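S.K.: Here it is, the structure, as C-alpha cells.
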Amino acid sequence: MAIYPLVEVKNPILTIPLSGCSEELDRKELKENLVETMKEFRGIGLSANQVGVMERVFVMYSDVNKDETIACFNPQVTSTGVENILMDEGCLQWPGLWLKIRRPDHLACTYEDEEGELHEVTMAGLEARIFQHEMDHMEGTNFTEKVSRTKLDMAKRRARKLKKKSLNSKT
C-alpha cells in the first residue's frame, strides 16, 4: 500500500476533465492506495487526480458510520433530484476552507467497481453530496467555483483567522 501526496491546489492537473480508465490499470491496487490516502488525510472522498493519477476514479465513504468505502471507476450521474440542499463542504486540497454549496439531495448514478462490475445505484444525503463533489474533480472543477468571489474571499479570511487562532492557542 502507498499513501500518495496531495497535489497543490494550483496544479493544472486538477482542471483537466478525465475521460476514462486505462485498460492496464490495476484497479484493486489503486483503490487500496486511494482509500489509505483518503483516510490518512481524514477525508470522506478522494479523486485520483487529487494525487496526480490521471484516471477517472474516486473513492468515498458509502457509509461513514460503518467505515464502508467504495471505489467508483468511470462514474456517471444519470439523473438528479429537483430539491437542492445548501450545506457546508470542504476539500482536501483546501484544508480549513468551508463553503456553503447547493447540490441536489439525491441522484442516480453508475460506476464500475474494482472488479469491473457495473453498479446502477441511487444515493441520497451525504453520500450523494460526496459523489457529486468527487464527480466535479473528474470534470476538472472544484467546489470553490460553485460560489461567488465574495463568498470565497470571506471563507478564506475565516479559514485564516481560525488557523491563526489555532496556532496561537498551541503556544
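S.K.: Taking the range 33-50 as the region of interest, how many residues are touching a residue at least 12 places away in the same chain (Cβ under 8 Å) and charged (D, E, K, R)? Talk me through it step by step, then tell me what you get.
M.R.: Here is the first cut: in the range 33-50, the ones touching a residue at least 12 places away in the same chain (Cβ under 8 Å) are 33-38, 40-41, 43-50.
Next, only the ones that are charged (D, E, K, R) stay: 36, 40.
Of the residues in that region, 2 qualify.
S.K.: Could you tell me whether the range 36-55 includes any residue that is at pLDDT 95 or above, out of contact with any helix residue (DSSP H, G or I) (no Cβ under 6 Å at 6 or more places or on another chain), of a type in the set (A, V, I, L, M) and under 17 Å from PHE131 (Cβ atoms)?
M.R.: Checking the range 36-55: at least one residue is at pLDDT 95 or above, out of contact with any helix residue (DSSP H, G or I) (no Cβ under 6 Å at 6 or more places or on another chain), of a type in the set (A, V, I, L, M) and under 17 Å from PHE131 (Cβ atoms).
S.K.: What do you reckon, is LYS28 surrounded by fewer than 17 Cβ atoms within 10 Å (Cβ to Cβ) and touching a residue at least 12 places away in the same chain (Cβ under 8 Å)?
M.R.: Values: surrounded by fewer than 17 Cβ atoms within 10 Å (Cβ to Cβ): yes; touching a residue at least 12 places away in the same chain (Cβ under 8 Å): yes.
For LYS28, the condition - surrounded by fewer than 17 Cβ atoms within 10 Å (Cβ to Cβ) and touching a residue at least 12 places away in the same chain (Cβ under 8 Å) - is met.
S.K.: Return a yes/no flag: does the range 4-14 have any residue that is at pLDDT below 95 and within 20 Å of ARG103 (Cα to Cα).
M.R.: No, that holds for no residue.
S.K.: Restricting to the range 51-77, count the residues that are among the basic types (Lys, Arg) and touching a residue at least 24 places away in the same chain (Cβ under 8 Å).
M.R.: Taking the range 51-77 and keeping what is among the basic types (Lys, Arg), we get 56, 66.
Keeping just the survivors that are touching a residue at least 24 places away in the same chain (Cβ under 8 Å) gives 56.
Matching residues across the range 51-77 total 1.
S.K.: Just one of (1) surrounded by 14 or more Cβ atoms within 10 Å (Cβ to Cβ); (2) under 18 Å from PRO17 (Cβ atoms) trips up GLU145, so point out which.
M.R.: The one condition GLU145 does not meet is (1).
S.K.: Looking at this structure, is LEU162 more than 19 Å from ILE44 (Cα to Cα), of a type outside the set (Lys, Arg) and touching a residue at least 24 places away in the same chain (Cβ under 8 Å)?
M.R.: On the way: more than 19 Å from ILE44 (Cα to Cα): yes; of a type outside the set (Lys, Arg): yes; touching a residue at least 24 places away in the same chain (Cβ under 8 Å): yes.
Taking the combined requirement at face value, the residue satisfies it.
S.K.: How many of the residues making up the range 117-138 are touching a strand residue (DSSP E or B) at 6+ places or on another chain (Cβ under 8 Å) and in contact (Cβ under 8 Å) with a residue 60 or more places away in the chain? Break it down into steps so the answer makes sense when it comes.
M.R.: Taking the range 117-138 first, the residues touching a strand residue (DSSP E or B) at 6+ places or on another chain (Cβ under 8 Å) are 118-125, 127-135, 137-138.
Adding the requirement that they be in contact (Cβ under 8 Å) with a residue 60 or more places away in the chain leaves 127, 130-131, 133-135, 137-138.
Looking only at that region, the number is 8.
The values are calculated or read from the model by the stated rules, or taken from the named source; none is laboratory data. Note that the structure is a prediction, hence the values are computed from the model and not measured. When we count neighbours, we look across all protein chains shown, and the Cβ atoms used for this are built from the backbone with ideal geometry, even at glycine.
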